[in-house]
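See below for the structure under consideration.
The values are calculated or read from the model by the stated rules, or taken from the named source; none is laboratory data. Every value quoted in this text rests on a predicted model; they were computed, and no experiment measured them. A quick note on method: Cβ atoms are made from the backbone with ideal geometry, for glycine too, and the neighbour counts reach across all protein chains shown. Surface accessibility is based on the protein's heavy atoms, side chains included, excluding ligands, DNA and RNA. Shrake-Rupley method; radii C 1.70, N 1.55, O 1.52, S 1.80 Å.
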2 protein chains.
Amino acid sequence: MTNITDKLIAKIDEMNNPTVAGLDPRIDFLPDELKKTATTFEGCAKAVTEFNCRIIDSIKDIVPAVKIQSAFYELYSHYGTLAMDETAKYAKESGLIVMADVKRNDIGPTAEAYAAAYLGGELYDYITVNPYPGYDGIKPFADVCAKNGKGIFVLARMSNPSAADIQNMKLESGEPLYMHIGGLIEQWGSQLVGENGYSAVGAVVGATNPDEARFLRKKLPSVFFLVPGYGAQGGKGKDAAASFDEKGKGAIVNNSRGIIAAYKTDKYKGMTYYAAAREAATAMAEDLYSALKNK
Amino acid sequence: MTNITDKLIAKIDEMNNPTVAGLDPRIDFLPDELKKTATTFEGCAKAVTEFNCRIIDSIKDIVPAVKIQSAFYELYSHYGTLAMDETAKYAKESGLIVMADVKRNDIGPTAEAYAAAYLGGELYDYITVNPYPGYDGIKPFADVCAKNGKGIFVLARMSNPSAADIQNMKLESGEPLYMHIGGLIEQWGSQLVGENGYSAVGAVVGATNPDEARFLRKKLPSVFFLVPGYGAQGGKGKDAAASFDEKGKGAIVNNSRGIIAAYKTDKYKGMTYYAAAREAATAMAEDLYSALKNK
């Protein structure tokens, strides 16, 4: 059975780049010409859509996927929701795999509604999901994944400093919580494993804790990882490399600010935001593959 | 310092009803005359708004608050977001406290964006938040609560059967995870305690596990509880009563289907959906206060 993760892996191979570009368009990332029109919710939403589409045009032949962070769209009420969906549509039509980073979580008919909202249509291939409600909060998503050929990434070990407050709590068994949840994620996705051996139910595993990522990578051979925390949060290529298997597969690494706001750094000074985004996404592939070679 | 929870407590006292009406409008809850127009996203969103507003008209003088479940709006893309905001606006103008059940969770600037989206404006008084990212995912919300007089309810012990998969995992300390998280919630809200002794940082504690609710109620004297699981999920008045303090305060109990779809049950047969909603909300107050008297 081919699943969405097989498609993602094929696309990563085709682009030779295990990078997902995070479209988290904060207004202060926009160039002045777009900032000018960003004075109302409607104006912000339109500016953000324009910004995203120019970046997509510039990177669509070198990255396999984009990840759209819903928070930066919900900021603008229904104008933002439209901007998010329009961005997804444009990315999809540009041949990219589209992830919605929504971290939704609920139970029963409510989780079914979220699953239908994001995985019921054409726009999104993957969404992120929070595991706190347990299997009742996963099954409705997994069912839609099976039916519609979609995928989810369930939060396991996040990249932020205080994630450890909860995710690293040691259980009676001696195992930290994120490990237990990792095991549940593998179990939850066991019916959705594709031809490459990876399930449509993946996990979010931060680049900022490579030892933990290495441990999870070994323990969860069928779970594909979405890796945040590279770049602005401090994760390096060698840290992200911990999430890949011995064949250099099994993970995709997100970078948001480091790509879409690359033009604001000294390294890419003087370039347009979209040209700088392309350079940064290419540099990231080189960094990741070089780290994988030296792993 | 008066906080939003003081306002909520005053409103509960004024209405003599610790009930929050859950506006989770599934299309199959709608009466035929509204179902007819619910054939497109735009049509569904309009039908749902109409349904909500008639219910709000009917219950605004007997319940203190409504809780809007975002999943049932996100189903209809930007039309749904507009319907959600219009419902909130109508509820607010009708004098109700408005909760958005969004269970958002993220970190840093992303959590700030969610906090600004839902607690930055006039429409929502409270939102629900998932604790999995730890304090980095709470602080941005708590900061906006402090600044704008808003509140959050953080998931502690949910009402669904599989919540125990994760939330009841025993920690090395012997404590179940939900207890540890309960303690963190109290800590996270310690700077936002109001005149009634309750913080603007509350907790979600399901009615389906009264022993655990009783334990949390004792351990977390400054944490106000939002209690789901009454009615359709099996929680009775006496179960919900476990979340209240000895003065009969400290909690508000949600009921969605049991109020907005009451007209579909034998008990309220022949009534309009909004008249039945009013009867059901009144009956719920009686049930809860009778359980509290016999506690």
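Odds and ends about this structure:
- For B:TYR289, the label point sits 7 Å beyond Cα toward Cβ; its separations from the matching points on the remaining copies run 7.2 nm, from shortest to longest.
- Cα pair distances of region A:219-295 binned at 5 Å [whole percent]: 3, 17, 25, 21, 16, 10, 5, 2, 1, 0
- Solvent exposure of region B:1-108, expressed per residue, is 34 Å² of accessible area, with all protein chains present and a 1.4 angstrom probe.
- Shape class of region B:45-114 from the Cα gyration tensor (axes a ≥ b ≥ c, square roots of the eigenvalues): oblate, since a/c reaches 1.5 or more and a/b does not exceed b/c.
- Screening chain A for whole DSSP H helices of 20 Å or more along their axis (Cα) with average Kyte-Doolittle hydropathy at least -1.0 returns A:41-59, A:77-93, A:273-293.
- Ligands, DNA and RNA left out, the accessible area of region B:1-97 computed with a 1.4 Å probe is 53% carbon and sulfur.
- Region A:21-101: trypsin sites (Lys or Arg not before Pro) in DSSP loop, at most 11 other beta carbons within 10 Å: A:LYS36
- Expressed as a whole percent, the accessible area of region B:208-295 that falls on carbon and sulfur atoms is 52 (1.4 Å probe).
- Largest-first ordering by accessible area, 1.4 Å probe, given options A:GLU42, A:GLU122: A:GLU122, A:GLU42
- Helix-derived mean residue ellipticity, 222 nm - over chain A, DSSP H n ≥ 4, -39500 (n - 2.57), to 500: -13500 deg cm²/dmol
- In the assembly of identical copies, A:GLU246 has its label point, taken 7 Å from Cα in the direction of the beta carbon, separated from the corresponding points by 6.4 nm (ascending, one decimal).
- Where region B:144-295 is the region considered: accessible area per residue in Å², 1.4 Å probe: 41
- Beta bridges per DSSP with both ends in the protein assembly as shown, % antiparallel, nearest 5: 10
- For region B:192-260, the set of trypsin sites (Lys or Arg not before Pro) satisfying both a DSSP loop assignment and a count of at most 11 other C-beta atoms within 10 Å is given as B:LYS247.
- Summed buried accessible surface, chains A and B, 1.4 Å probe, nearest 100 Å²: 4500
- Rg(Cα)/(2.2 N^0.38 Å) for the protein assembly as shown, N = residue count: 0.94
- Cβ-based charge dipole, chain A, positive-most Cα from A:GLY197, A:TYR90, A:GLY80: A:GLY197
- Shielded by partner chains, region B:113-141 residues - at least 10 Å² of accessible area, 1.4 Å probe, vs chain alone: B:ALA113, B:TYR114, B:ALA116, B:ALA117, B:TYR118, B:ASN130, B:PRO131, B:TYR132, B:PRO133, B:GLY134, B:TYR135, B:ASP136
- Whether region B:150-237 is rounded, prolate or oblate, judged on the alpha carbon gyration tensor where a/c under 1.5 counts as rounded: oblate
- Residues in region A:163-191 that, when all protein chains are in place, have 20 Å² or more less accessible area than the chain alone would give (probe 1.4 Å): A:ASP165, A:ILE166, A:GLN167, A:MET169, A:LYS170, A:LEU171, A:GLU172, A:LEU177, A:HIS180, A:ILE181, A:LEU184
- Label geometry 7 Å along the beta-carbon vector: A:ALA275 inter-copy distances in nm: 7.1
- Here r is the Cβ-Cβ distance between B:LYS269 and B:ALA232 and R0 is 25 Å; the resulting FRET efficiency, rounded to 0.05, is 0.90.
- Sorted largest first by accessible area at a 1.4 angstrom probe radius, with every protein chain in place, the residues A:GLU86, B:GLU186 fall in the order A:GLU86, B:GLU186.
- Average Cα contact separation per residue, region A:186-295, under 8 Å, 6 or more apart, as relative contact order %: 21
- Between A:PRO31, A:PRO161, A:PRO221, the GNM of chain A built on Cα springs shorter than 10 angstrom shows A:PRO161 fluctuating the most.
- For B:CYS44, the solvent-accessible surface with a 1.4 Å probe is about 10 Å², rounded to the nearest 10.
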